[in-house]
Structures are given as structure tokens and as C-alpha cells.
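Report on the following structure.
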Amino acid sequence: MSRPSWQALLALVAVVAAVALPLADGRSTIFLVDDGLAGFLVVWTVGLAAIFAVWPAGREASIEALFIGAHAGAAYIYLFLPRFAAAAPAWTFGQRPADGSGPVGFGTFLADTAGFWGLFLAVWLLAWLLVTRLSLLRAGGRLGSLLLRILVPALFGIWLLFLWEVVTRALGVPPVLLPPPSAIGARIAASLPTLWADFRQTFLKAVIAGFAIGSGAGFLFALLVDRIPFLKRGLLPIGNLVSALPIIGIAPIMVMWFGFDWPSKAAVVAIMTFFPMLVNTLAGLDAADRIQRDLMRTYAASHGQTLFKLRLPAALPFIFNGLKINTTLALIGAIVAEFFGTPIVGMGFRISTEVGRMSIDMVWAEIAVAALAGSVFYGVMALIERACTFWHPSFRT
């Protein structure tokens with residue numbers, strides 16, 4: 001018999017503790033018990049899901065139970081969260097309750113909140129087990145495999161946001177330190193015109209232009225260095241020196257040279273993306289086997305024919321590796337460069353300004369937009385790579 005799942009066992013213990021601890025203390029907690037039928041059904045749904053998922057023998061069959069139990073418990077916790085957050089100040093360690101009866105001790109705190117945190121722990125463990133078992137599934141067909149590749153990271157991200165939301169609101173974390181995702185989402189919805197203007201200034205102008213210039217120059221210079229050995233021994237170390245220059249030192253100089261608008265930010269991005277593209281392209285050009293090169297010579301192939309028919313195709317995985325690295329470097333470079341002079345628009349400008357105004361939810365809104373843009377940019381580059389290098393062993397199914 002297979003070894004039982006420790007996540008499901010621990011989730012079952014957490015569900016039992018969520019009900020037993022408050023009752024053993026002689027009180028009816030404001031969670032689960034006072035909610036009557038709703039709390040009863042949720043506890044039983046989560047508990048049955050944990051029992052059904054203990055043994056992994058029926059992994060596919062238990063996924064449905066895990067999905068229902070975890071998401072039913074999560075929905076109930078989210079709907080109950082405003083009531084719990086309203087009562088949270090009375091449970092803070094060392095503070096006095098509203099009736100002035102004295103500081104809240106650990107036993108009282110545990111008894112009053114055991115229902116909430118017990119169910120939350122159980123739901124989180126079931127979600128963990130759900131994502132784990134989904135990642136081990138092998139779907140039949142291309143469509144099923146694609147859906148699984150999308151579903152697993154999507155569920156993982158949603159549950160991380162749920163954890164963030166519950167912890168920040170239940171523990172009363174000040175929004176100036178870490179706002180909950182719901183507040184960040186509300187700010188995004190209320191600031192769409194501002195976020196679009198910042199995205200257009202930073203990403204569509206500075207990032208795209210700098211990425212194209214830096215990556216293109218790095219690729220062409222790599223072809224030149226490969227053709228002329230003197231450049232590899234003489235100028236390549238200088239390129240290494242330029243790549244080590246700190247961005248906070250380059251950005252003000254580029255602002256003085258190219259002005260406060262997006263060209264100075266594109267120049268910073270071009271400098272940051274030049275060297276990774278150069279190094280990866282040179283490594284890719286050396287990837288072709290010596291036997292293959294000798295075979296091209298026996299066919300009397302010229303340098304250009306060898307380059308385009310053998311060496312560049314072999315270098316494509318390395319070239320796309322440099323491009324994918326540059327997608328993240330370009331966005332980081334453009335945002336940081338905007339800290340040192342920019343028109344009153346742009347992601348970096350907005351972040352630095354809103355931090356000074358203590359509007360942290362707007363800062364996180366800009367971070368979310370930047371993360372989404374960077375992820376999409378990386379994903380597009382990965383799709384292009386797959387279309388161009390479908391023959392590579394890493395893409396064979």
C-alpha cells in the first residue's frame with residue numbers, strides 16, 4: 001500500500017482542531033459554530049476531502065474532492081474575512097479588549113481564533129496537495145497537456161494571492177506596509193488611464209526600442225567578433241567592463257546626453273541588453289561540432305554558407321536564451337532609469353512619486369502591471385523560440 005499523504009493527514013488534524021479547541025475551552029467561537037449550517041457544511045466538506053485524499057492510490061479520483069473541498073473552504077473564509085478582521089484588534093497580543101478586562105493571553109487568543117486558522121491551514125494544505133497531484137498528471141492529447149500547463153501555474157498563483165489576502169487582512173497588517181491584493185486590484189481598476197499612460201511611456205517606447213537596439217547590436221557585434229579574432233581578444237574584455245557598469249551611474253549620464261524623455265531610458269536599456277546578447281550569441285556560434293564544420297569545408301562551403309546553414313541554426317537556442325534574459329533586464333533598466341529624470345509619466349516616475357506620498361497601493365499596482373508586461377514579453381519570446389527551434393531536443397515530446 002502506498003504511503004499516505006501527510007498534507008491530507010495534517011489538514012484533517014487542523015479541521016478537528018478548528019472545532020475541538022474552542023469547544024474544549026467552553027466557548028462558542030465566532031467562527032464555524034456560530035454560523036450554524038454553513039459552517040457545519042464547510043467543515044464536513046473540507047474534512048471529507050482530506051479523508052478522501054489521504055491515500056494516493058486513486059490520485060485522479062481524489063483530485064475532484066480536493067478541488068471541491070479546498071475551494072469551498074477558501075470561499076467561506078473569504079466571505080467571513082471582514083467579520084474576522086473587524087474583531088482582530090481585540091486579539092492582538094498585549095492589547096486590551098474593548099471591555100478593558102486586561103491583555104489578551106495566548107490561550108484566549110488561540111481559543112478565539114482556532115476555528116479560523118485551523119480551517120485556513122486545512123484549506124491551504126489541501127490546495128497544496130491539489131496542485132501537486134495536478135502537476136503529476138499526464139493528460140492525453142495536445143489540448144489536455146496545454147490545459148494542464150496553464151491550470152497548474154494559474155492555481156498556484158491564485159492560491160498565493162489568497163494566502164496574501166488572508167494574512168494581511170486577518171492579522172491587520174497596515175496597508176502602508178503591505179496592502180492586500182483586493183486593495184491593489186481596486187486601485188488598478190480606478191487608475192487604468194494613468195497606468196496605461198505609464199505603460200505606454202515605459203514599455204512601448206523605452207523598453208521595446210532599447211531591447212531592439214541592444215539585442216540587435218549585440219547580435220551583429222557577435223558576428224563581427226566571431227569573424228575577426230582580434231576583436232575577441234581585444235574588444236570583448238572592454239564589453240565585459242561596460243556590462244559591469246552600475247545602472248545608477250549610467251542613467252544620469254544618459255539623461256544628460258539624450259534628454260529627459262524616453263530616448264535616454266532606451267539608451268540605458270540598450271547598454272544593459274547588449275552584453276548578454278553578445279555573450280550568448282558567441283557561445284552559440286561555437287556550439288556546432290568540429291566534425292560538422294569539417295564536413296562543410298569538404299563541401300567547399302564559404303564562411304557565409306557555413307554561418308547561415310550550420311552555425312546560426314545551432315546557435316538559435318543560445319540566441320533566444322539571451323533574448324529571454326534581455327526581456328527582464330530591459331524592463332528593470334527602463335524603470336530604474338526613470339528614477340533619475342523623466343517627464344511626469346512612466347512606471348519608474350510613478351513608483352518613486354507614490355512612495356513619497358505613502359500611496360503604497362499605487363506602487364503595487366505599477367509593480368503588478370510591470371510584472372504582467374514582463375511575463376507576457378517573456379512568454380512571447382518563448383513562443384517564438386519554440387516555433388524557430390522545434391527541432392531542438394528540449395522541445396521534443
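The values are calculated or read from the model by the stated rules, or taken from the named source; none is laboratory data. Here the structure is a predicted model, which is why all the values come from computation and not from measurement. Every residue, glycine as well, gets a Cβ built from its backbone with ideal geometry; the counts of neighbours run over all protein chains shown.
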Reported set for the range 356-378 where residues are under 27 Å from A212 (Cβ atoms) and of a type in the set (A, V, I, L, M, F, W, C) is I367, A368, V369, A370, A371, L372, A373, V376, F377
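Rundown of residues vs (1) exposed (fewer than 14 other Cβ atoms within 10 Å of the Cβ); (2) among the hydrophobic types (A, V, I, L, M, F, W, C), yes/no style:
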{"site": "G333", "(1), (2)": "no, no"}
{"site": "F339", "(1), (2)": "no, yes"}
{"site": "T342", "(1), (2)": "no, no"}
{"site": "M347", "(1), (2)": "no, yes"}
{"site": "S352", "(1), (2)": "no, no"}
{"site": "F390", "(1), (2)": "yes, yes"}
Wholly inside the range 234-329, helices (runs of 4 or more DSSP H) that include 1 or more residues that are assigned by TED's automatic domain parsing to the domain that holds A209 and within 21 Å of G210 (Cα to Cα) are 236-243, 247-258, 262-285
Checked the range 145-154 for anything farther than 24 Å from T328 by Cβ and either assigned by TED's automatic domain parsing to the domain that holds V336 or touching a helix residue (DSSP H, G or I) at 6+ places or on another chain (Cβ under 9 Å) (or both); matches are L148, L151
Checked pairs for the range 200-215, first within 16 Å of V369 (Cα to Cα) and touching a residue at least 12 places away in the same chain (Cβ under 8 Å), second among the charged types (D, E, K, R) and crowded, with 19+ Cβ neighbours inside 10 Å, C-beta under 6 Å and 6 or more apart or across chains, list as A206/K265
Check your understanding: Quick one: would you say M277 is surrounded by 23 or more Cβ atoms within 10 Å (Cβ to Cβ) and within 30 Å of H303 (Cα to Cα)?
Key -> yes
Checked against (1) modelled with pLDDT of 60 or more; (2) assigned to a helix (DSSP H, G or I), A57 satisfies every condition except (1)
Flagged pairs (Cβ under 9 angstrom, 6 or more apart or on separate chains; first in the range 290-306, in contact (Cβ under 8 Å) with a residue 40 or more places away in the chain; second of a type outside the set (A, V, I, L, M, F, W, C)) are H303/R227
